[in-house]
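The values are calculated or read from the model by the stated rules, or taken from the named source; none is laboratory data. It should be emphasised that the depicted structure is a prediction, and the values quoted were computed from it without experimental measurement. FYI the Cβ positions are ideal-geometry reconstructions off the backbone, even for glycines, and counts take in every protein chain you see. Just so you know, the surface numbers come from the protein's heavy atoms only, side chains and all, with ligands and any DNA or RNA stripped out. Shrake-Rupley method; radii C 1.70, N 1.55, O 1.52, S 1.80 Å.
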Amino acid sequence: MTSSEIRNSFLKFFEERGHSIVPSSPVVPYDDPTLLFTNAGMNQFKDVFLGTGRRPYKRAVDTQKCIRVSGKHNDLEEVGRDTYHHTFFEMLGNWSFGDYYKKEAIEWAWELLTKVWELPKNRLWATVYKDDEEAEQLWKKVTDIDPTHVLRFGEKDNFWEMGETGPCGPCSEIHMDRTPGGNAPASMVNAGHPEMMEIWNLVFIQYDRDASGKLTPLPAKHVDTGMGFERMCAVLQNKESNYDTDVFSPLLSRISEITGKTYQASLEDGGVDRSRGQTGSSVSIQQSEIDVAMRVVADHLRALTFAIADSAIPSNEGRGYVLRRLLRRAARFGRNLGMDKPFIYKLVPTLVEAMGSSFPEISQKREHIEKVIKGEEEGFNNTLDRGLNVFNDIALETLHSQFQKEGYYYRS
Ligand code: SER
């Protein structure tokens, strides 16, 4: 299945079960000053959960554009070094606003994963909140999951909160065992192992947490689910790395064309970054650095394009500053690809071609996005060149005095 087919089959599955397909909200949440970027599918439905807003539907399905650039699970400096964290990503979700609850959420998740997408049941694990007897029993009753694959965890893993205060509730996550043998032990679940991948989070929203930490039951119970689209594409396309899926491969090919460098992580080792703490690798450090740089550029280009399409602009503060940092990080890594002239903007048409039909705003604003990125690249390259020249001068000076000290110039 192509990534477009995967996205559409998720939407269609829930549409057939009475859900309205709703558009993603902008990735720049202008009506919520507490939030730099939209970071979860539920942001646009916060008011419905709290009972202060209404929608003309009780069931919805969508793919939400999200940007996460900070927080303990997504340190910007790490993006590109591994093969499954991103600054920009899509979160597929189905929603119940005071309508169905745990039973249908669990039943349908299992049906989509195992019947429609035909994932092997023996590789799937479900976690539930430590007190959630009901969810544990439902997994055993309404699905044919291996009963030993249903595990309980505490607040950290299985109680989802949107922030310090606000709508929250116990959640049930589905994890996929991607080890070669498919017989990973239970101890690998929630242990930060990349081969035991969390693929879907079903949140049962039922409380509002106030500033003192107290939980008050909400007037109605809701379902909020979130599935990382790029990860699911890697699973369904049987790729070890998100960057080997068709979500990223057109961008990596275009980066190759422009820079004359080749992306080799996928060929050699499934995208493991060998430059970190490993020696004796058959892939040279230099190639590994090229692979990292190509992933950084592809990732950041997506975040920049979608944020600029939703009217953000690089600047020196707030959201704009985050965009500036992203652009500069991509441009710095671009230097590892031998690029000291603007080139990132040239990738925009490739992204538009791949994603413009699902997100028309990037097609409509293509020229504007290119212009903004190009202008920002030019500005930064000039700054960087000046900085590098100063650095080179200082380095030469230092070398010169070192050589003098060592008498290097007087040796014959
Ligand atoms: N709100 C949950 C999350 O962001 C599920 O969508 O993970």
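Can you pull out the residues in region 131-164 that are open to solvent by 90 Å² or more (accessible area, probe 1.4 Å), in contact with a helix residue (DSSP H, G or I) (Cβ under 7 Å, 6 or more places away or on another chain) and modelled with pLDDT under 95?
Of everything in region 131-164, nothing turns out to be open to solvent by 90 Å² or more (accessible area, probe 1.4 Å), in contact with a helix residue (DSSP H, G or I) (Cβ under 7 Å, 6 or more places away or on another chain) and modelled with pLDDT under 95.
How many residues does region 166-203 contain that are open to solvent by 10 Å² or more (accessible area, probe 1.4 Å), out of contact with any helix residue (DSSP H, G or I) (no Cβ under 9 Å at 6 or more places or on another chain) and within 15 Å of the ligand (Cβ to nearest atom)?
Going through region 166-203 one residue at a time, the tally reaches 1.
Quick check: is even one residue across region 127-138 more than 30 Å from Arg54 (Cβ to Cβ), small (Gly, Ala, Ser) and within 16 Å of the ligand (Cβ to nearest atom)?
Going residue by residue through region 127-138, those that are more than 30 Å from Arg54 (Cβ to Cβ) are 127-128, 130-131, 133, 136-137.
In the following step, the residues that additionally are small (Gly, Ala, Ser) were identified as none.
No, region 127-138 has no match at all.
Pick out the one residue from Leu124, Leu35 that is within 16 Å of the ligand (Cβ to nearest atom) and in contact with a helix residue (DSSP H, G or I) (Cβ under 7 Å, 6 or more places away or on another chain).
Details: Leu124 fails: within 16 Å of the ligand (Cβ to nearest atom).
Exactly one residue qualifies, and that residue is Leu35.
Restricting the search to region 361-387, which residues are under 30 Å from Ser4 (Cβ atoms) and either open to solvent by 60 Å² or more (accessible area, probe 1.4 Å) or acidic (Asp, Glu) (or both)?
Our first condition is that a residue be under 30 Å from Ser4 (Cβ atoms); within region 361-387, this holds for 361-374, 376-377.
Across region 361-387, the qualifying residues are Glu361, Gln364, Lys365, Arg366, Glu367, His368, Glu370, Lys371, Lys374, Glu376, Glu377.
Looking only at region 160-210, which residues are over 20 Å from the mean Cα position of the chain (by Cα), within 15 Å of Leu50 (Cα to Cα), assigned to a loop (DSSP other than H, G, I, E, B) and not charged (D, E, K, R)?
Thr165
Name the single residue that is farthest from the ligand (Cβ to nearest atom) among those in region 204-243 being within 21 Å of Thr63 (Cα to Cα) and of a type in the set (Asp, Glu).
Glu230
Identify all residues within region 297-326 that are under 17 Å from the mean Cα position of the chain (by Cα) and surrounded by fewer than 24 Cβ atoms within 10 Å (Cβ to Cβ); write none if there are none.
The one that is under 17 Å from the mean Cα position of the chain (by Cα) and surrounded by fewer than 24 Cβ atoms within 10 Å (Cβ to Cβ): Val322.
Answer with yes or no whether Trp110 is part of a helix (DSSP H, G or I) and either crowded, with 16+ Cβ neighbours inside 10 Å or more than 16 Å from the ligand (Cβ to nearest atom) (or both).
It is true that Trp110 is part of a helix (DSSP H, G or I) and either crowded, with 16+ Cβ neighbours inside 10 Å or more than 16 Å from the ligand (Cβ to nearest atom) (or both).
Among the numbered conditions (1) under 29 Å from Thr34 (Cβ atoms); (2) open to solvent by 20 Å² or more (accessible area, probe 1.4 Å), tell me where Ser357 comes up short.
The single condition Ser357 does not satisfy is (1).
Any chance you could count how many residues in region 235-267 are open to solvent by less than 10 Å² (accessible area, probe 1.4 Å) and over 24 Å from Met339 (Cα atoms)?
Qualifying residue count, region 235-267: 3.
Taking the criterion of being crowded, with 16+ Cβ neighbours inside 10 Å, free of Cβ contacts under 8 Å to residues at least 24 places away in the same chain, within 14 Å of the ligand (Cβ to nearest atom) and not charged (D, E, K, R), would at least one residue in region 80-88 satisfy it?
no
Checking the structure you have, find out if any residue of region 67-76 is among the charged types (D, E, K, R), buried (at least 18 other Cβ atoms within 10 Å of the Cβ) and either within 16 Å of the ligand (Cβ to nearest atom) or farther than 18 Å from Cys168 by Cβ (or both). Working first, answer last.
Here is the first cut: in region 67-76, the ones among the charged types (D, E, K, R) are 68, 72, 75.
Retained after the next criterion (residues that are buried (at least 18 other Cβ atoms within 10 Å of the Cβ)): 68.
Subsequent filtering for residues that are either within 16 Å of the ligand (Cβ to nearest atom) or farther than 18 Å from Cys168 by Cβ (or both) retains 68.
Scanning region 67-76, I find at least one residue that is among the charged types (D, E, K, R), buried (at least 18 other Cβ atoms within 10 Å of the Cβ) and either within 16 Å of the ligand (Cβ to nearest atom) or farther than 18 Å from Cys168 by Cβ (or both), so the answer is yes.
Take Leu119 and tell me if it is within 16 Å of the ligand (Cβ to nearest atom) and more than 21 Å from the chain's Cα centre (by Cα).
No.
Tell me yes or no: at least one residue of region 212-227 is at pLDDT 95 or above, polar (S, T, N, Q), open to solvent by less than 10 Å² (accessible area, probe 1.4 Å) and touching a Leu at 6+ places or on another chain (Cβ under 8 Å).
Within region 212-227 (the criterion being at pLDDT 95 or above, polar (S, T, N, Q), open to solvent by less than 10 Å² (accessible area, probe 1.4 Å) and touching a Leu at 6+ places or on another chain (Cβ under 8 Å)), the answer is yes, since at least one residue qualifies.
So is Phe333 within 22 Å of the chain's Cα centre (by Cα) and either at pLDDT 90 or above or surrounded by fewer than 17 Cβ atoms within 10 Å (Cβ to Cβ) (or both) or not?
Numbers: within 22 Å of the chain's Cα centre (by Cα): yes; either at pLDDT 90 or above or surrounded by fewer than 17 Cβ atoms within 10 Å (Cβ to Cβ) (or both): yes.
When the stated conditions are applied, Phe333 passes them.
Please enumerate the residues belonging to region 227-240 that are in contact (Cβ under 8 Å) with a residue 24 or more places away in the chain, assigned to a loop (DSSP other than H, G, I, E, B) and under 17 Å from Asp177 (Cβ atoms).
Step one: of region 227-240, the residues in contact (Cβ under 8 Å) with a residue 24 or more places away in the chain are 227-237, 239-240.
Pick out the ones that are also assigned to a loop (DSSP other than H, G, I, E, B) and you get 237, 239-240.
Matches in region 227-240: Lys239, Glu240.
In region 38-63, which residues are open to solvent by less than 10 Å² (accessible area, probe 1.4 Å) and either part of a loop (DSSP other than H, G, I, E, B) or without any contact (Cβ under 8 Å) to a residue 60 or more places away in the chain (or both)?
Passing the criteria: Thr38, Ala40, Ala60, Val61, Asp62.
Applying the selection to region 1-31, what residues are free of Cβ contacts under 8 Å to residues at least 12 places away in the same chain and either open to solvent by less than 30 Å² (accessible area, probe 1.4 Å) or closer than 17 Å to Asp62 by Cα (or both)?
Scanning region 1-31 gives Glu5, Asn8, Lys12, Glu16.
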